[in-house]
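Engineer: Questions regarding the structure given below will be posed in turn.
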Amino acid sequence: MKTQVAIIGAGPAGLLLGQLLHKQGIDNVILERVSSDYVLSRIRAGVLEQGFADLMREAGVSKRMDQEGEVHDGFEMVLNDRRIRIDLKGLTGGDTVIVYGQTELTRDLMAARVATQQTSHYEVDNVRPHNMLEENPYVTYEKDGREYKLECDYIAGCDGFHGVSRKSIPEDCIKSYERVYPGGWLGVLSDTPPVNPELVYVRHERGFALCSLRSQVRSRYYIQVGQDEKVEDWSDERFWQELKRRLPKDLADRLVTGPSIEKSIAPMRSFVVEPMQYGRLFLLGDAAHIVPPTGAKGLNTAASDVFTLYNILTKVFGEGRTELIEKYSEICLRRVWNGERFSWWMSNMMHKFEDTSEFNEKMYASEIEYYLSSDVGKRVIAEQYVGLPYDDIES
């Protein structure tokens, strides 16, 4: 078999890249180790930056997002029970975010791929990229007990932190940077009306909390828990009680509780690998970088990788601009590190980590108060939250 771009991984990054390339007439094949149903069962956040939403529209898969997604003009931050609103639209000159579940946008991208008869292979084993430094790379994999070879021009590694793409690069050719935070987020999904029409980020002496939503009838709530906590130790009743303790009284009083339909603990990690490419293999999304979820940058930073590679490959195949290939990592990393910094900053400002000294805790408390005390400080937060513009590949 032969294609122009082999895409490893059928998450949002791989599917979006495939759809955008298809719109430009660039053939691509997606390989995924698990089933499509399993991919759709992953519960993830869904706060989309303006740039991500525009990419979905450019890919021609935005109809349901635009109909069902909730446009948010702002969000709230709570300090010592004080609710402070960040007016995204007013502070950024009109930019907003869209709340639309990652499962739903993945479903839309999968449906578009099927409708256009593009090739995807699910439940494949032993995926391995080869000849990445040569002009004729290829990917081998196994399906139903048979081994296959997929010849291609370029390989896009969209297979996540634990995937094979990054691990296929020699260790002496890349450098990793990492910060593992103590504890994580215990999240509950429930078919209950949201406690607030906009997201609420809470800084509390008992730990961080977040009130989010998927729709007007489905809510997503999180509380910070210690690193030794287990999901099975948290009954629904215990979760709701702890969440109420961390919310301002007016929110706690109107919180509607109910049975959880999904409950999990997400670890917190900052991770970046440099460079994000090895010859004709490109790393995208979680394969190259991880952010703590506090700043809503994980999915959105992956989208900026997709934007960069999609535009480069469009020039490569359409105009023969192969010199742009070498710019991929440099362009991506500028925005990646910015997203990492914002997520790291938000996490330190809003959480109480076990390894934070008393001095640093005082500094973080003072800093967040400073930023939230003026429109200038709030604007810095708002501009980061809605997402900075994507970098031009010609710059």
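Engineer: Looking only at region 282-299, which residues are under 13 Å from residue 16 (Cβ atoms) and out of contact with any strand residue (DSSP E or B) (no Cβ under 7 Å at 6 or more places or on another chain)?
Structural biologist: 285, 299
Engineer: Of all residues in region 294-322, count the ones that are in contact (Cβ under 8 Å) with a residue 40 or more places away in the chain and assigned to a loop (DSSP other than H, G, I, E, B).
Structural biologist: 2
Engineer: Kindly evaluate residue 392 against the criterion of being out of contact with any Ser or Thr (no Cβ under 6 Å at 6 or more places or on another chain), without any contact (Cβ under 8 Å) to a residue 12 or more places away in the chain and either surrounded by 12 or more Cβ atoms within 10 Å (Cβ to Cβ) or not in a helix (DSSP H, G or I) (or both).
Structural biologist: yes
Engineer: Here is a further query. Can you pull out every residue in region 215-232 that is surrounded by fewer than 13 Cβ atoms within 10 Å (Cβ to Cβ) and more than 20 Å from residue 354 (Cα to Cα)?
Structural biologist: 216, 217, 232
Engineer: Still on this structure, I have one more. Mind checking which residues of region 83-97 are of a type in the set (A, V, I, L, M) and either surrounded by fewer than 18 Cβ atoms within 10 Å (Cβ to Cβ) or over 17 Å from residue 389 (Cβ atoms) (or both)?
Structural biologist: 84, 86, listed by residue number.
Engineer: Right, here's the next one. Checking residue 212 against (1) surrounded by 20 or more Cβ atoms within 10 Å (Cβ to Cβ); (2) at pLDDT 95 or above, only one condition comes out false. Which one?
Structural biologist: The single condition residue 212 does not satisfy is (2).
Engineer: Would you mention how many residues in region 256-271 are within 17 Å of residue 162 (Cα to Cα) and in contact with an Asp or Glu (Cβ under 8 Å, 6 or more places away or on another chain)?
Structural biologist: Residues that pass the stated criteria total 3.
Engineer: Tell me which of these residue 91 doesn't satisfy, since it passes every other one: (1) without any contact (Cβ under 8 Å) to a residue 12 or more places away in the chain; (2) more than 30 Å from residue 166 (Cβ to Cβ); (3) in a helix (DSSP H, G or I); (4) not charged (D, E, K, R).
Structural biologist: (1) is the only condition that residue 91 fails.
Engineer: Here is a follow-up. Take the residues of region 111-151 that are of a type in the set (Lys, Arg) and touching a residue at least 60 places away in the same chain (Cβ under 8 Å): which is nearest to residue 277 (Cα to Cα)?
Structural biologist: 149
Engineer: Report, ordered by the first and then the second residue, all pairs with beta carbons closer than 9 Å, sequence separation of six or more or different chains, a first member in region 265-293 that is aromatic (Phe, Trp, Tyr), and a second member that is assigned to a strand (DSSP E or B) and surrounded by fewer than 18 Cβ atoms within 10 Å (Cβ to Cβ).
Structural biologist: What qualifies is 271/176; 271/177; 271/178; 271/179; 271/180.
Engineer: Same structure again: Any idea how many residues of region 362-381 are charged (D, E, K, R), farther than 17 Å from residue 76 by Cβ and exposed (fewer than 14 other Cβ atoms within 10 Å of the Cβ)? Don't jump to the end; show me each part of the working.
Structural biologist: Going residue by residue through region 362-381, those that are charged (D, E, K, R) are 362, 367, 369, 375, 378-379.
Remaining after also requiring farther than 17 Å from residue 76 by Cβ: 362, 367.
This time we only want the ones that are exposed (fewer than 14 other Cβ atoms within 10 Å of the Cβ), so: 362.
Matching residues across region 362-381 total 1.
Engineer: If you don't mind, there's one more thing I want to ask. Among the residues of region 46-72 satisfying the criterion of being free of Cβ contacts under 8 Å to residues at least 60 places away in the same chain and in a loop (DSSP other than H, G, I, E, B), which is nearest to residue 102 (Cα to Cα)?
Structural biologist: The qualifying residue nearest to residue 102 (Cα to Cα) is 69.
Engineer: For region 99-123, enumerate the residues that are crowded, with 20+ Cβ neighbours inside 10 Å and in a loop (DSSP other than H, G, I, E, B).
Structural biologist: 100, 101
Engineer: Mind listing just one residue for me: the one in region 277-293 that is in a loop (DSSP other than H, G, I, E, B) and small (Gly, Ala, Ser) and, of those, surrounded by the most Cβ atoms within 10 Å (Cβ to Cβ)? Break it down into steps so the answer makes sense when it comes.
Structural biologist: Step one: list which residues in region 277-293 are in a loop (DSSP other than H, G, I, E, B), which gives 279-280, 284, 288, 291-292.
After this cut, where a residue has to be small (Gly, Ala, Ser) as well, the list is 279, 288.
On the way: 279: 17, 288: 29.
Per the criteria, the residue is 288.
The values are calculated or read from the model by the stated rules, or taken from the named source; none is laboratory data. Since the structure is predicted, the reported quantities are computational estimates derived from the model, not experimental observations. In this analysis, Cβ positions are derived from the backbone assuming ideal geometry, glycine residues included, and neighbour counts consider all displayed protein chains.
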